[in-house]
1. Picking from Arg51, Arg31, Arg59, which residue would you name as being in contact with a Lys or Arg (Cβ under 7 Å, 6 or more places away or on another chain) and free of Cβ contacts under 8 Å to residues at least 24 places away in the same chain?
2. I'm trying to understand the selection: among the residues of segment 55-66, which are modelled with pLDDT of 85 or more and under 22 Å from the mean Cα position of the chain (by Cα)?
3. Step by step: first the residues of segment 34-48, then only those that are among the hydrophobic types (A, V, I, L, M, F, W, C) and touching a Phe, Trp or Tyr at 6+ places or on another chain (Cβ under 8 Å), then the one that is nearest to Leu10 (Cα to Cα). Which residue is that?
4. In segment 67-80, how many residues are surrounded by 11 or more Cβ atoms within 10 Å (Cβ to Cβ) and either of a type in the set (A, V, I, L, M, F, W, C) or modelled with pLDDT under 90 (or both)?
Amino acid sequence: MRSPLSRLVLALARAMGSTLRDAETGEALGRAMVLTWRGRVWVLGLERPVRAVFLPKNRLNYWRHELGFVAAKEPDYPRE
């Protein structure tokens with residue numbers, strides 16, 4: 001059970017956030033707000049699990065990278 005404040009923050013993040021697209025397939029993952037703070041990336045309001053990936057570039061830059069998001073896949077190892 002979530003607190004009312006938590007539900008309000010998630011609703012605002014979904015309303016004011018931008019549409020995230022899968023970097024590999026181009027499929028829309030949902031609306032979310034992406035925040036960065038102290039070297040971390042926070043994705044607020046997204047209902048699906050995602051993982052961050054570096055996007056390929058034509059020119060090699062060491063100081064600037066672009067992040068994309070990919071839908072996380074289900075684990076494929078057998079349950080023992």
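The values are calculated or read from the model by the stated rules, or taken from the named source; none is laboratory data. Since the model is a prediction, treat every value here as computed from it, not as a measurement. As a convention, Cβ positions derive from the backbone with ideal geometry for all residues, glycine included, and neighbour counts pool all protein chains shown.
1. Arg31
2. Leu55, Pro56, Lys57, Glu66 - these are the residues of segment 55-66 that are modelled with pLDDT of 85 or more and under 22 Å from the mean Cα position of the chain (by Cα).
3. Taking segment 34-48 first, the residues among the hydrophobic types (A, V, I, L, M, F, W, C) are 34-35, 37, 41-44, 46.
From the residues that got through so far, the ones that are touching a Phe, Trp or Tyr at 6+ places or on another chain (Cβ under 8 Å) too are 34-35, 43.
Working: Val34: 12, Leu35: 13, Val43: 10 Å.
Ranking the qualifying residues of segment 34-48, first place goes to Val43.
4. Our first condition is that a residue be surrounded by 11 or more Cβ atoms within 10 Å (Cβ to Cβ); within segment 67-80, this holds for 67-71.
Cutting the leftovers down to either of a type in the set (A, V, I, L, M, F, W, C) or modelled with pLDDT under 90 (or both) gives us 67, 69-71.
Summing the residues that are surrounded by 11 or more Cβ atoms within 10 Å (Cβ to Cβ) and either of a type in the set (A, V, I, L, M, F, W, C) or modelled with pLDDT under 90 (or both) in segment 67-80 gives 4.
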